[in-house]
Amino acid sequence: MLLAIDIGNTNIVCGVFDGDRILGKARIATDHCKTADEYGVLLHNILIRRTETDSEDAVHKITAFALSSVVPALTSTFRIVAKTYFDIEPLVVGPGIRTEMPVKYDDPRQVGADRIVNAVAGINLYPAPLIIIDFGTALTFCAISRDKEYIGGAIFPGLYTSYSALSSGAALLSMIEFRKPKDAIGKATDESLQSGAINGYASVVEGMVKRFRAELGEDATVIGTGGMVDLIADATDVIQHIEHDLTLKGLKFLYNLNKDR
């Protein structure tokens, strides 16, 4: 069994694979202050509760560990977790890992591990060219060519990131609960903020997809993932496929490619 973990700036997502099937998964808050012991105990207990079968046995049957991270300080912490709590040397996504996907960035080392993992999952699940949109701390757009090459992308502030900054900087505007607005034209401040958040980000997605397709090809497949994907996908029809577990699936594909190296 494989334990796949993606460390993001806001959340850490983990899942246990038995073959191609995800037995259980969990999402925990990213905390730079937690120690390897704290994460190890937390992760172990959560996975016991979240796996579908004989959960404790499933956790103890984990024999592989794949890790991607955009938080360097926690990468070393989770290396310790893998070795101490699972007795496994983890596969860590980074320079030198086999992907079978050429990266055409000017400096491939600058591409975040999460973006590489999502792209690898994308080319294994859907025909290229691809546009992969990840709704996380940042809103990222990744472009994969018809030849299955990672050719670049765009980075935009994430929905929660933007509105946290807005509420901090504007004395009369408070943080809102994100939900689909009734109308585009808000009749109250909360409604106006909702429209700006949901319809505004849907319009960003539509505009960026149009620009990407002009360079990639009009037949480029659009995949959405990340914590806010359902909310925005409900406000636009340009997202053709929603993959909540895209990063976890990408980690599994990468582990299979690299396990014998």
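The values are calculated or read from the model by the stated rules, or taken from the named source; none is laboratory data. Quantities reported herein were computed from a predicted structural model and do not represent experimental measurements. Every residue, glycine among them, receives a Cβ derived from its backbone with ideal geometry; neighbour counts consider all protein chains shown.
Couple of notes before you dig in:
- When residues in the range 139-151 are screened for being more than 11 Å from ARG115 (Cα to Cα) and small (Gly, Ala, Ser), 1 of them pass.
- The test for being under 21 Å from the mean Cα position of the chain (by Cα), loosely packed, with under 15 Cβ neighbours inside 10 Å and not assigned by TED's automatic domain parsing to the domain that holds GLY200 does not hold for HIS60.
- Top-ranked residue in the range 40-49 [being touching a strand residue (DSSP E or B) at 6+ places or on another chain (Cβ under 9 Å) and buried (at least 18 other Cβ atoms within 10 Å of the Cβ); ranked as modelled with the lowest pLDDT]: LEU47
- When residues of the range 53-80 are limited to those that are outside any helix (DSSP H, G or I) and charged (D, E, K, R), the one modelled with the lowest pLDDT: ASP54
- From ALA66, ALA29, residue being among the aliphatic types (A, V, I, L, M), surrounded by 19 or more Cβ atoms within 10 Å (Cβ to Cβ) and touching a strand residue (DSSP E or B) at 6+ places or on another chain (Cβ under 7 Å): ALA66
- Between GLY217, GLY207, GLY200, GLY226, the distinction of being in the same structural domain as LEU125 (by TED's automatic domain parsing), within 28 Å of GLU89 (Cα to Cα) and either at pLDDT below 95 or small (Gly, Ala, Ser) (or both) belongs to GLY226 only.
- Exactly one residue out of ILE144, ILE151, ILE132 is surrounded by fewer than 22 Cβ atoms within 10 Å (Cβ to Cβ), touching a residue at least 24 places away in the same chain (Cβ under 8 Å), of a type in the set (Val, Ile, Thr) and in contact with a strand residue (DSSP E or B) (Cβ under 7 Å, 6 or more places away or on another chain), and it is ILE151.
- Candidate set: the range 96-129, residues that are outside any helix (DSSP H, G or I) and touching a Ser or Thr at 6+ places or on another chain (Cβ under 6 Å); chosen: the one surrounded by the most Cβ atoms within 10 Å (Cβ to Cβ): PRO129
- Listed by position, the helices (runs of 4 or more DSSP H) contained in the range 150-261 that have at least 3 residues being polar (S, T, N, Q) are 159-169, 189-216, 246-258.
- Matching residues, the range 81-95, being crowded, with 18+ Cβ neighbours inside 10 Å and either part of a helix (DSSP H, G or I) or at positive phi (or both): VAL81, ALA82, TYR85
- Residue in the range 73-87 that is acidic (Asp, Glu), touching a residue at least 24 places away in the same chain (Cβ under 8 Å) and not assigned by TED's automatic domain parsing to the domain that holds TYR160 present: no
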